[in-house]
Structures are given as structure tokens and as C-alpha cells.
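Notes follow the structure.
The values are calculated or read from the model by the stated rules, or taken from the named source; none is laboratory data. What you see is a predicted model, and the numbers here were worked out from it, not measured in a lab. Because the Cβ atoms are built from the backbone with ideal geometry, glycine has one as well, and the counts that use them run over all protein chains shown.
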């Protein structure tokens, strides 16, 4: 039995990045031997074991044989005869197909270290084309490493396109799409994830509502980049500048879906896209089983971003109505996240990345002013809940009018 450190821990150590978790491959062992050594088995598809002391995952070396469509269509083989090289060959990218032995010696049969130095994401073998999830993973890795100068090898991008053309991307299940999407949104350059899926054709398969935005024009006065798809890429970039929170980045990503439904005869204007966009957000969230807190924030961003951008010209009553529609008083923290999504939309335009967005400060101060407006116990005396709400609303409107 031999144990090797594999995958991301080796890759990140060579890149000088923090190692967050360590995974191990065990060669020359059976499941029973692992159990006898005190490991605890987890997972149903293939034997993975938790070390009795460290709790780190130890997987038996294995190979795979394609038996059907999608990422579940595999037959796994794990036996003492499977070598480390066999196990590494089935991995997605060369930079993830390196190992270290017990003495710390690097084992790199497929050129991962050279690809790290060349800042290149390259697939390991022909097996790459058998699993459509690898499209999503490569896009996510580019979102992580593009700021370090990484790019996708041309032959790997060609292989990703071939996977899509073969219909394999159609077999991706919603839960896995969302899992990879959520992780990609948390990376340093989420716009690279979106661009990669578009380049290989997968975006039209997994997120057709976003793919439909490419080629849709917008008024040049407000959108120097013109193309709505490019605008969304810039919005993701701006959102990454503003916050690491993937929930906000998701809201920014989803905010303009309605423009994909604007009739061509109305281009480049998009009257009413906020309402249609909110409907599409609901459809995407339901299909991908997006968590409730993501869905709710994205719905608000889609529905109210247009009005928020006009905050400086709104009457106090309209400002109050906007705050109420966004539930800014019961969910003040979420409203702060919503303002970040609005700001990302504003800055996500050609040449606008560093422009100030005073609308956010105006709405933030209006929220604070309204929240600070309260009723005393004496004022509440003898009033029903509805009457209390009406009186409080009048007081809040008066407070906003004094600062208008």
C-alpha cells in the first residue's frame, strides 16, 4: 500500500497559493484493508475513506470506462492493480494530475508543472471528452487563475466545443450546473467563466437566457459597449471589484435577462425589460434549484435596477416606495447587498468601471433616515397594526421630504 498527495494541494503548493484541503490516493489496497487500518468509508459510487486521525479523504486508485451519456455514465474500476499513473490519467487538467509521494518527490507524468509555468489549462488525455462536467470545471478554473495569466490551451477549448457539439452538455443535471456556477461566481474573475462557456457553446445549453443576451444592442449613450452580453461580462467584473459575495454576483449576473426578450423592432431600447427579466430570473432559479437567498436578491435586482439608477431624480414618495418594494426596512442587510448589485450594473459598461455611483449613497442614506424614524408607545396607544403602519409611513415620508 502506497499513499500519495494528489490534485489541488500539489497544484496550489507549486503556485505558492494557500492549500485549503488535501486529498490522497491509495495505490495497492483493497476496501477491506482500508477498513482494517481504521479508515471510515464514505460515498456510494466508489470507495472513499476518511483517515482515522486527520479526517482527510483517501480514495483508492481507480480508472473509469464510459458507459452512457453525462457525467454519471461511467463504470469505475478500483483494484490493487491500478497504478498511480492510471489514476492521474483520468483527471481533467494536467495541473490537477500531479502527486507527491511520502518523501515529497513530485510525480508528474503528464506535464502539469510545465503547464503551470506556461500558465496553461490543458486536458490530460482523451478521457477528458467523456465527462461534460469538465467543461464547467475548466471554465471555473479559468475564473480562478486568469488573474495569474492563465489561458485555456487551444486543443482543450476545441475538445470542449466537441463535447457540446456531441450533445453531452445536454445531459448535465441542474444541481451540478448550479454547484459549479456558485463556485465560479466566488472566484477572482467570474466574467472569465461566463466568457468561456460562451466560447465553447455550453452557455446556450445550460443558461440559454444569458446566451440570448449576446448580439442584443443597447443605447450607446448609456452603454458604450452596446452588446448586452458584453455588458453582463463587464457587470460581473465590476461585481467582483465590489464584493466577494457570490450571492451579489449572481444578482448582478441575472439583472438584465429581460433584454433577451425585447422584440428586434424595439432595439436598442428595452422598455419593460425589468418585469420580464424578473420572470426569467424565477424560471432560471427554479430550473437550477438556486437557493432562496440568491433567488430573492436576483429578483429584486432585475425588477428595480432601472428605478434605482434614477434615484437622484426621484420624488421622496417614489424613493420610499422603492425602499418598501425592496423590503429595505425588514431586511436592511440584504438591501445593502442589492445596492452593490445596482452599482455593479452601473459600472459594468465600457469605460465606466471606476465611475462614482452616488445613487447608492442616496438610497443608503434614505434607508437610514427612514429606519431612524419611529413611533413612541404613546403614539401607538389605541391604534391597530394597520393604523400604526400608516402613521409610520407618513412619518417616514416626511423625514425623506425634509432631506430631499
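From the set of residues in the stretch 110-132 that are at pLDDT 95 or above and part of a helix (DSSP H, G or I), which is farthest from residue 76 (Cα to Cα)?
Among those that are at pLDDT 95 or above and part of a helix (DSSP H, G or I), it is 117.
Which residue, of 261, 249, is closer than 19 Å to residue 187 by Cα and surrounded by 15 or more Cβ atoms within 10 Å (Cβ to Cβ)?
249
Within the stretch 7-42, which residues are in contact (Cβ under 8 Å) with a residue 60 or more places away in the chain, touching a helix residue (DSSP H, G or I) at 6+ places or on another chain (Cβ under 7 Å) and either surrounded by fewer than 16 Cβ atoms within 10 Å (Cβ to Cβ) or closer than 17 Å to residue 114 by Cα (or both)?
7, 8, 11, 14, 15, listed by residue number.
Checking the structure you have, find out if any residue of the stretch 266-278 is modelled with pLDDT of 95 or more and touching a strand residue (DSSP E or B) at 6+ places or on another chain (Cβ under 9 Å).
yes
Looking only at the stretch 199-222, count how many residues are farther than 17 Å from residue 298 by Cβ and crowded, with 20+ Cβ neighbours inside 10 Å.
6
Just one of 353, 289, 334 is in contact with a helix residue (DSSP H, G or I) (Cβ under 9 Å, 6 or more places away or on another chain) and closer than 27 Å to residue 224 by Cβ; which is it?
The unique qualifying residue is 353.
Does any residue of the stretch 149-158 turn out to be closer than 13 Å to residue 200 by Cβ, under 23 Å from the mean Cα position of the chain (by Cα) and in a helix (DSSP H, G or I)?
yes
Can residue 328 be described as in contact (Cβ under 8 Å) with a residue 12 or more places away in the chain, in a helix (DSSP H, G or I) and surrounded by 20 or more Cβ atoms within 10 Å (Cβ to Cβ)?
No, not satisfied.
Among residues belonging to the stretch 90-115 that are in contact (Cβ under 8 Å) with a residue 40 or more places away in the chain and within 24 Å of the chain's Cα centre (by Cα), point out the one that is surrounded by the most Cβ atoms within 10 Å (Cβ to Cβ).
The selected residue is 95.
For the stretch 363-377, state whether one or more residues are closer than 25 Å to residue 270 by Cα and part of a helix (DSSP H, G or I).
Scanning the stretch 363-377 turns up at least one residue that is closer than 25 Å to residue 270 by Cα and part of a helix (DSSP H, G or I).
From the list 321, 368, 312, which one is touching a helix residue (DSSP H, G or I) at 6+ places or on another chain (Cβ under 7 Å) and either at pLDDT 95 or above or assigned by TED's automatic domain parsing to the domain that holds residue 250 (or both)?
312
Taking the condition out of contact with any strand residue (DSSP E or B) (no Cβ under 6 Å at 6 or more places or on another chain), within 16 Å of residue 205 (Cα to Cα), in contact (Cβ under 8 Å) with a residue 60 or more places away in the chain and surrounded by fewer than 17 Cβ atoms within 10 Å (Cβ to Cβ), does residue 175 pass?
yes
Which numbered condition trips up residue 14, out of (1) over 19 Å from residue 60 (Cβ atoms); (2) part of a loop (DSSP other than H, G, I, E, B)?
(2)
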